[in-house]
Amino acid sequence: MIQSMTGYGKHVVQLPSKKITVELKSLNSKNLDINARIPQAFRDKELNLRKTIADVLIRGKVDFGLYVEITGEDTSAEINSGVVRNYMEQLREIANGDSIKLLELALRMPDTLKTDKNDIDPKEYKAIEEALNEALNAINMFRTEEGKVLENDFRNRLKTLGDLLDQVKAMDQERLGTIRERLEKAVADLKVELDANRFEQELIYYLEKYDITEEKVRLANHLEYFEGTLSSNDSNGKKLGFISQEIGREINTIGSKANYAPMQQLVVQMKDELEKIKEQMLNVL
């Protein structure tokens, strides 16, 4: 079962005097890249929060947002007037609006409240951890659903590749016969005497260079291996990427050996299907 790296998860926890919101967004990336936006008061917990995210999401470009909104009395907090003024000055440079409106906007910005607490309230931090775990569950469900869509697309394209390979197998004998006739005609047009046995040996050697039996077998095996990997318990986009590279190698070799227009047309179709698989592969975890 594969998972997409694209996902979204959000969870809100309401405490007596605060509302805690955790939001996660992820896009495809070769490695794990976490961009965290959290209040200054929780900076010393950032590494722990990052580790929790990394243990679950593994890969992807992740935007992590932690928002703490005071909804009731909190005697330990007061307005950080210097920060608010700075925000208002910056906002005024962008839009010369009413001071009350600018103040309202500024108060919504990060770090506009300061607290005398030196330690984070354990209950508050536990609520943050719970919210993060719930958001991780939500984004994982999103990734799984997106993965099902990708898996269906991959299976359809694998079937198309398999059908095209069957057509390649069906026309292979015809292809070799056509190549043989073409060579015999070219020699006949030279109007020179040739030793029949020697010519037959050279012809066989020449035709062996165009033999694609091994490529057909390997390509069929790679397609089967790809489909089997789709059905495994783990989502392994990198492994599927390696298999798709091997599929491409066999298709390219068949194309270079074909020397037969109808087969080369099939190879072009196979390359097109594989390219679409590779594009979607970028989103697989």
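The values are calculated or read from the model by the stated rules, or taken from the named source; none is laboratory data. The model shown is predicted, which means the values in this text are computed figures rather than measured ones. Cβ atoms come from the backbone with ideal geometry, glycine included; neighbour counts cover every protein chain shown. For accessibility, only protein heavy atoms count, side chains too; no ligands or nucleic acids. Shrake-Rupley method; radii C 1.70, N 1.55, O 1.52, S 1.80 Å.
Test of understanding: among Leu285, Leu219, which residue is under 27 Å from Ser29 (Cα atoms) and open to solvent by less than 60 Å² (accessible area, probe 1.4 Å)?
On the way: Leu219 fails: under 27 Å from Ser29 (Cα atoms).
Just one listed residue meets the conditions, Leu285.
Restricting to the stretch 139-178, give me the number of residues that are within 18 Å of the chain's Cα centre (by Cα) and either over 21 Å from Asp272 (Cα atoms) or β-branched (Val, Ile, Thr) (or both).
Qualifying residue count, the stretch 139-178: 11.
I'm checking my understanding of the structure. Among residues of the stretch 226-240 that are part of a helix (DSSP H, G or I) and out of contact with any strand residue (DSSP E or B) (no Cβ under 8 Å at 6 or more places or on another chain), which one is most open to solvent (accessible area, probe 1.4 Å)?
Ranking the candidates gives Lys238 first.
Say whether the condition of being closer than 21 Å to Ser26 by Cα, assigned to a helix (DSSP H, G or I) and open to solvent by 70 Å² or more (accessible area, probe 1.4 Å) is met by at least one residue in the stretch 91-111.
Checked against the condition, which is being closer than 21 Å to Ser26 by Cα, assigned to a helix (DSSP H, G or I) and open to solvent by 70 Å² or more (accessible area, probe 1.4 Å), the stretch 91-111 yields no hits at all.
What is the number of the single condition among (1) surrounded by fewer than 14 Cβ atoms within 10 Å (Cβ to Cβ); (2) closer than 30 Å to Glu279 by Cβ that Lys25 does not meet?
All conditions pass for Lys25, except number (1).
Identify, by number, the condition in (1) over 20 Å from Val13 (Cβ atoms); (2) at pLDDT 85 or above; (3) open to solvent by 40 Å² or more (accessible area, probe 1.4 Å) that Gly60 doesn't meet.
(3)
Tally the residues that are closer than 28 Å to Ser4 by Cα and open to solvent by 70 Å² or more (accessible area, probe 1.4 Å), restricting the search to the stretch 156-185.
Adding up the residues that qualify gives 2.
Identify the residue in the stretch 186-216 that is at pLDDT 80 or above and of a type in the set (Ser, Thr, Tyr) and, among all such residues, is surrounded by the fewest Cβ atoms within 10 Å (Cβ to Cβ).
Per the stated criteria, the residue is Thr213.
Would you call Asp116 open to solvent by 90 Å² or more (accessible area, probe 1.4 Å), in contact with a strand residue (DSSP E or B) (Cβ under 9 Å, 6 or more places away or on another chain), modelled with pLDDT under 80 and among the acidic types (Asp, Glu)? Lay out the reasoning, then the answer.
Working: open to solvent by 90 Å² or more (accessible area, probe 1.4 Å): yes; in contact with a strand residue (DSSP E or B) (Cβ under 9 Å, 6 or more places away or on another chain): yes; modelled with pLDDT under 80: yes; among the acidic types (Asp, Glu): yes.
Spelling it out, Asp116 is indeed open to solvent by 90 Å² or more (accessible area, probe 1.4 Å), in contact with a strand residue (DSSP E or B) (Cβ under 9 Å, 6 or more places away or on another chain), modelled with pLDDT under 80 and among the acidic types (Asp, Glu).
Can you tell me which of Val268, Val284 is among the aliphatic types (A, V, I, L, M) and either free of Cβ contacts under 8 Å to residues at least 60 places away in the same chain or touching a His at 6+ places or on another chain (Cβ under 6 Å) (or both)?
Result of the check over Val268, Val284: Val268.
Identify all residues within the stretch 28-40 that are out of contact with any helix residue (DSSP H, G or I) (no Cβ under 7 Å at 6 or more places or on another chain) and either closer than 18 Å to Gln3 by Cα or surrounded by 17 or more Cβ atoms within 10 Å (Cβ to Cβ) (or both); write none if there are none.
Correct list: Asn28, Ser29, Lys30, Asn31, Asp33.
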